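One structure, pasted below without further comment.
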Amino acid sequence: MKATLLVLLLSVVALMVTCDLQQSEWGAGPGCPLGKRLAFDLNTTLEESKRLNNEYFDCPNPEPGAPCFYYSHVFYPFFVIEDPVVGESDRFLDSYTFKVVGGGRTRESVRNYSQEEILKFNSLSDSESSQQALVWTYDDVLNSFPLTKEGFVVMHGTSNRVRWLCQRNSPCGDLTPINHLDPDFFFVIEVSNQETARRRICEYTLRFELHVHGFPLDPVRGLFFMQMTMTAVQTILICYTGYTCWTLRRKTVYTKKRDGLDEQEGHKQFKAGDVVVKVGWTLRSCFLQLYRIIFRIVQNPMLDHFIMLVVLLDTSTLMAQTFQGVTIRTSWCLSALDSCLLVFYVIEAVFKILIHGRTYFRNPWNDLDFFIVLMSLVDFTLSLVQSAGGFSSRQASTLFRVLKTLKGARVFRALRLLKAIRFFKGLHAILLTPGTLRKHIQDHLHPLSNPYAG
């Protein structure tokens, strides 16, 4: 019995000596209590995200065990040091690194990234732009943030603003909808203080999944939709112009034959060097014909009616996005539709400026249209530059706020609906009195009952 107690005593002494040697070598204190671990504080994260973003959008199809957050909202993660045995937990306020170490379009396709991919997606020093990571950025425009030797952002318990970027070269970049719902992505997040803890004996590492939904339309793909719409409009216009020129050519030949002019005699007057002149005159006539066609389009009231239909469609999409159910499900498709509608606004402005010149800006409605189109183009251009990684993390945070303000200029398009009233000539029938309207219908249905009819 004494021998057993002696052995236990010697083991305890040896363990204490080993711990003292480790503490003196690492510069640590008494060490971390056994049994405690780092955990993701989901309740506090949801409450703070909802309070700081003024709203919270849950996933249309939530997955159990994977907390869901909206892409456009700033992510505020909170962590605790918990003791699962006692059931106590304390807020984790130490510094740590936030890394995306895995992901996939579906939960079944989630994979862990290699060390090279982790550096590429999270490190500022290893990213292609050397200014911001490919997947996320630290959203704080006022305070600077420290970096580790490998370029990872060092975060703290009180400074934890994460904004998703998902540039085109990242695994979550340029996502397309599945089953008519906005794209979503599953991230595997690793939070660790191994590279930032002053006392390495208290190292914590945590991995958990995040389900991020509501990914927006990639600006480059939006540019593709704009180019396709522009190509379709140009094709129709060129085909119509070619058909008009061909018809005009046939009328000219028919007129010459009717007047007794010999077309071959006219061709003999041209020498070999005059072919260029003839081609030039032909192109000039086609351009003049194109100008005449554009003039007819601008002067035709059907253009205003068509644009009003576009404005109605655009306003309907804006109103639909005010509903949460529509926002979290179809914002990608609505953004694609808005990219196509922007082409018609640009074409309208270009055609009217080409025909009217400076007098175009003398109309207040035209000034409003031109301002909205200009703001939309600036918004689209900045989105393209941001997706290319041309801004630093601090500049990207400011850019997000600028883009949010520019998108608000689309609301002014609804004012064009007031202009539409004078184009709908049939609106006065609704304003007729019931007796007058009934008499108007009877006159058309029974013209013989009215002696003055016909």
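The values are calculated or read from the model by the stated rules, or taken from the named source; none is laboratory data. The structure presented is a predicted model; accordingly, all values stated were derived computationally and were not measured. Here the Cβ positions follow ideal geometry from the backbone for every residue, glycine too, while neighbour counts run over all protein chains shown. Side chains included, ligands, DNA and RNA excluded: accessible areas come from the protein's heavy atoms. Shrake-Rupley method; radii C 1.70, N 1.55, O 1.52, S 1.80 Å.
Where Lys and Arg each count +1 and Asp and Glu each count -1, what net charge lies around Ala66 among other residues with Cβ under 11 Å from its Cβ?
Values: positive: Arg107; negative: Glu63, Asp184, Glu209.
Surrounding charge for Ala66 is -2.
Tell me, what HN-Hα J-couplings in whole Hz come from the Karplus equation 6.51 cos²θ - 1.76 cosθ + 1.60 at θ = phi - 60° for each residue of the stretch 301-313, using x for Gly and Pro?
Going residue by residue, I get x, 4, 4, 5, 5, 5, 5, 5, 5, 5, 5, 4, 5 Hz, with x marking Gly and Pro.
Next up: Report the local net charge at Gly35: Lys and Arg +1, Asp and Glu -1, summed over other residues whose C-beta lies under 14 Å from its C-beta. Please list the in-between numbers first.
On the way: positive: Lys36, Arg37; negative: Glu82, Asp83, Glu88, Asp90.
Overall, the nearby charge balance is -2.
Using protein chains only and a probe of 1.4 angstrom, how many square angstrom of Met230 are accessible, to the nearest 10?
Result for Met230: roughly 60 Å² accessible.
Here is a follow-up. Residue by residue through the stretch 72-79, what is 3J(HN,Hα) from phi via Karplus (6.51 cos²θ - 1.76 cosθ + 1.60, θ = phi - 60°)? Round to whole Hz and write x for glycine and proline.
For the stretch 72-79, the Karplus curve yields 6, 8, 6, 9, 10, x, 10, 9 Hz.
Let me ask you something else. Please compute the net charge surrounding Leu303, taking Lys and Arg as +1 and Asp and Glu as -1 over other residues with Cβ under 11 Å from its Cβ. Could the numbers behind the result be given before it?
Values: positive: Arg296, Lys352; negative: Asp304, Glu348.
Around Leu303, the charge tally is 0.
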